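Quick note: the coordinates plus some simple rules give every number you see, no bench work behind them. What you see is a predicted model; the values in this text were computed from it and never measured. Positions of Cβ are backbone-derived with ideal geometry, glycine not excepted, and every protein chain shown enters the neighbour counts.
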């Protein structure tokens, strides 16, 4: 460890820089310690720079009003190419300056990083896929290959590729739907000049079994009480749709609900609909075993009978339109009179 001592007529100046070790691998946390003692109070500016072939990185640069600086700073070498470097401490004052040097050797370090180590895939279709990102976080370029451990058909795209330092590659893994829920592992290997590193992704493939149902009750006109059962083996993000009739016509109110597998639950939901509305139906949409949306619908209708939506919309429009409302009332009176006349005539005939 080199220490420099400058003797000036008025005072002594001492300074030095230290490393915790002389060589490092990628992702190592190097500790740089340094001190500067000017001996008298004065303004000081200093910098710490890492120098290499085609490389110049300032680690620290400060101006202070002090005669003494004694600090330690960490820095990482993951983005620095392998090679020989000089770590340089340089300070300046109004009338003096100094330089201290240390040699740093950064070794070639192949290293891969995956965007995730575990994944879960629901095999709705015959062919299912997962995606991930493979990144070179070492300090040397890598040739990347892969190996899959598991039964069945697999297709990895791209199958092999090159990555420079800090580059990344999106990878798609397709696999055939297995007979039962299973787990497979894909391992990515990064090679550099005979040196090798690897990272693995474990994928849990779930073959879905769907068994979901609900019952409901509308109370206080704007509240929905639901009993929800999911006896399947996958989490479901279900959608509830409430169809209702208001003076504006037939409208829809919907909301989502997440339900875990093998779960039964009850909940209440306030419906954001006018209090004078009439609920026509309540539906639940969920994914079936093919990954398609299906609907379970409970009809209320009018007086317990389903009524076509176009007719309900026309009826609501007629109630809002003054002229149409008058015609509708008149038509209702005519129909009532006609039915009354038919009833009276029937009764008279029976008496005869």
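As a calculated quantity, the FRET efficiency between residue 298 and residue 267 at R0 = 22 Å, using C-beta atoms, amounts to about 0.85. For segment 154-228, the calculated P(r) over all alpha carbon pairs, in 10 Å bins from 0 to the bin holding the longest distance, is 12, 29, 19, 14, 13, 10, 4, 1 percent. Among 269-282, 128-141, the peptide with the highest mean count of other Cβ atoms within 10 Å heads the list, and the full ranking is 128-141, 269-282. Here the extension length gained between residue 155 and residue 126 equals 9.1 nm, from 0.36 nm per residue of separation less the Cα-Cα distance.
With Cα atoms as the point set, segment 212-308 shows a radius of gyration and Dmax of 13.9, 43 Å. Computed from the Kirkwood radius of its Cα pairs, the Stokes-Einstein diffusion coefficient for segment 112-206 at 25 °C and 0.890 mPa s stands at 179 µm²/s.
Using a Förster distance of 35 angstrom, determine the FRET efficiency expected from the C-beta separation of residue 182 and residue 143, and round it to 0.05.
Working: r = 30 Å, r/R0 = 0.86.
It comes to 0.70.
With bins 5 Å wide beginning at 0, the percent of Cα pairs of segment 75-129 falling in each bin runs 4, 11, 13, 11, 9, 9, 8, 7, 7, 5, 4, 4, 3, 2, 1, 0. Model label points for residue 58 and residue 70, set 7 angstrom from Cα along the Cα-to-Cβ axis, are 2.7 nm apart. Using the average count of surrounding beta-carbon atoms within 10 Å as a protection proxy, the listed peptides 230-238, 54-62 rank, highest first, as 230-238, 54-62. For a paramagnetic label modelled on residue 117 (point 7 Å from Cα along Cα→Cβ), amide N atoms under 11 Å away belong, within segment 184-204, to 200-202.
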